[in-house]
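Enquirer: Can you read through this structure? Questions will come right after.
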Amino acid sequence: MGKQLIDTFGRVHRDLRISVTDRCNFRCQYCMPAEGMKWTAREELLTFEEIERIASIMVERYGVDSIRLTGGEPTIRAKLPVLIEKLANLGVDLALTTNGATLAGQAQTLKDAGLKRINISLDSFDRDRFVELTRRDDLAKVLDGIDAAVAAGFDPVKINAVMMRGINDDELLDFAAFGRDKGVMVRFIEFMPLDAEGRWSNETVVTQTEIIEKISATYPVEPIQRSSAPATRFRYLDGQGEFGVVASVTQSFCDTCDRVRLTADGQFRNCLFAVDEFDLRALLRDGSSDDVIAAKLEEGVLAKWAGHNIGQVTFIRPNRSMSQIGG
Ligand code: SAM
Ligand code: SF4
């Protein structure tokens, strides 16, 4: 076996998340402030060639086999299908996380370029609430985007729904029903303290336990054997599909985490909550060899901590918002 990106706790890293832009056409309350975001200047963004170079080193030298494109909103980066084609050629399981608003016109093109999997974020079916949460009146576009993704043949289409107490947790069963009716897989995500406005508190987190209790009281379910994926999955006993819960807060999966991240401005992060970053863009632009870049990747992974400690006094909030890290 070749080399691996392995940390001091023995975790092998095979999953790379790439933020292709920190810009977004939404301003979700739980992700970025309404005003005052400073976007990365174009020349500071990694080019597609630079992204491809980092991804190739990770795939070819370290056996990374899964890449997810995220943002900001990845679908607003110009010529995204060109990048998808380059990364699909590396032979990895290539996925995208999107808010879905521009998907109606793009889903088929992304699929044709080689995208394998898609997650679409949606937190409310109520138009006014959607506007309040995302600060954009785009619910209809997102619902059309979901239909377009299904029509393009992504299977399963996954829906990411961040559950927040007193904000949208009354729609939990509507999400379950939507998933069952549309044949899409809803993944409920516990609210994490990366909201730009600091509204998060332990009380705002709708826990995995509550989510399962509420859904199974209406639609009986059974657990599905856990894989390395962060979502705990449940199957509806009547055969109408499944749902997942990403319990990053109450049942953190740090001990099996196999993810590393690349920000839109070329910083390597070993954790969503990392405080330190490793500057790959500088190396990409000063003529450094692949060996030097590879050494920086190894250094970054070796520095990874055991876990994030959310809810404990030792937790340190990273100084980037979720939209700058990529979720
Ligand atoms: N713009 C794309 C989207 O919304 O899907 C991709 C980037 S977004 C940062 C990635 C994911 O992070 C989304 O599913 C979003 O709901 C989730 N997210 C953002 N802020 C979050 C928070 N504070 N807690 C939990 N999930 C969050
Ligand atoms: Fe944009 Fe996604 Fe963040 Fe919403 S969650 S502001 S769509 S990056």
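The values are calculated or read from the model by the stated rules, or taken from the named source; none is laboratory data. This is a predicted model, so every value here is computed, not measured. Cβ coordinates were reconstructed from backbone atoms using ideal geometry, including for glycine residues, and neighbour counts include every protein chain displayed. Heavy atoms of the whole protein, side chains included, go into the accessibility calculation; ligands, DNA and RNA do not. Shrake-Rupley method; radii C 1.70, N 1.55, O 1.52, S 1.80 Å.
Enquirer: Which of (1) out of contact with any Phe, Trp or Tyr (no Cβ under 8 Å at 6 or more places or on another chain); (2) assigned to a loop (DSSP other than H, G, I, E, B) is the odd one out, the single condition Ala282 does not satisfy?
Expert: (2)
Enquirer: Still on this structure, please answer the following. List pairs: first residue in the stretch 267-295 and open to solvent by 20 Å² or more (accessible area, probe 1.4 Å), second residue at pLDDT 95 or above and aromatic (Phe, Trp, Tyr) anywhere in the structure, Cβ distance under 6 angstrom, at least six positions apart or on different chains.
Expert: Phe278/Phe268
Enquirer: Out of all the residues in the stretch 202-240, which are small (Gly, Ala, Ser), touching a residue at least 24 places away in the same chain (Cβ under 8 Å) and surrounded by fewer than 19 Cβ atoms within 10 Å (Cβ to Cβ)?
Expert: Of the residues in the stretch 202-240, the ones small (Gly, Ala, Ser) are 216-217, 227-229, 231, 239.
Filter once more, keeping what is touching a residue at least 24 places away in the same chain (Cβ under 8 Å): 228, 231.
Listed by number, the list holds a single entry, Ser228.
Enquirer: Please specify each residue of the stretch 241-261 satisfying the condition of being within 16 Å of ligand 2 (Cβ to nearest atom) and either in a strand (DSSP E or B) or open to solvent by 20 Å² or more (accessible area, probe 1.4 Å) (or both).
Expert: As a first pass, look at the stretch 241-261 and keep what is within 16 Å of ligand 2 (Cβ to nearest atom): 246, 248, 261.
The answer is Val246, Arg261.
Enquirer: Turning to a different aspect of this structure: Of the residues that make up the stretch 284-291, is at least one at pLDDT 90 or above, in contact with a helix residue (DSSP H, G or I) (Cβ under 8 Å, 6 or more places away or on another chain) and closer than 21 Å to Gly72 by Cβ?
Expert: yes
Enquirer: Quick one: is Lys182 open to solvent by 40 Å² or more (accessible area, probe 1.4 Å) and within 16 Å of ligand 2 (Cβ to nearest atom)?
Expert: So Lys182 fails the test.
Enquirer: Can you go through Gly2, Gly63, Gly105, Gly100 and tell me which one is within 16 Å of ligand 2 (Cβ to nearest atom) and either in contact (Cβ under 8 Å) with a residue 12 or more places away in the chain or farther than 24 Å from Gly300 by Cα (or both)? Break it down stepwise before answering.
Expert: Working: Gly2 fails: within 16 Å of ligand 2 (Cβ to nearest atom); Gly63 fails: within 16 Å of ligand 2 (Cβ to nearest atom); Gly105 fails: within 16 Å of ligand 2 (Cβ to nearest atom).
None of the other options fit; the residue is Gly100.
Enquirer: Among the candidates Asp147, Asp128, which residue alone is within 25 Å of Ser321 (Cα to Cα) and without any contact (Cβ under 8 Å) to a residue 60 or more places away in the chain? Break it down into steps so the answer makes sense when it comes.
Expert: Numbers: Asp147 fails: within 25 Å of Ser321 (Cα to Cα).
The match here is Asp128.
Enquirer: Within the stretch 92-124, can you find the residues that are away from ligand 1 (no atom under 16 Å from the Cβ) and either of a type in the set (A, V, I, L, M) or out of contact with any Asp or Glu (no Cβ under 8 Å at 6 or more places or on another chain) (or both)? Step through it out loud before you land on a result.
Expert: At the first step, the residues of the stretch 92-124 found to be away from ligand 1 (no atom under 16 Å from the Cβ) are 92-93, 105, 108-109, 111-114, 116.
Within the stretch 92-124, Val92, Gly105, Gln108, Thr109, Lys111, Asp112, Ala113 qualify.
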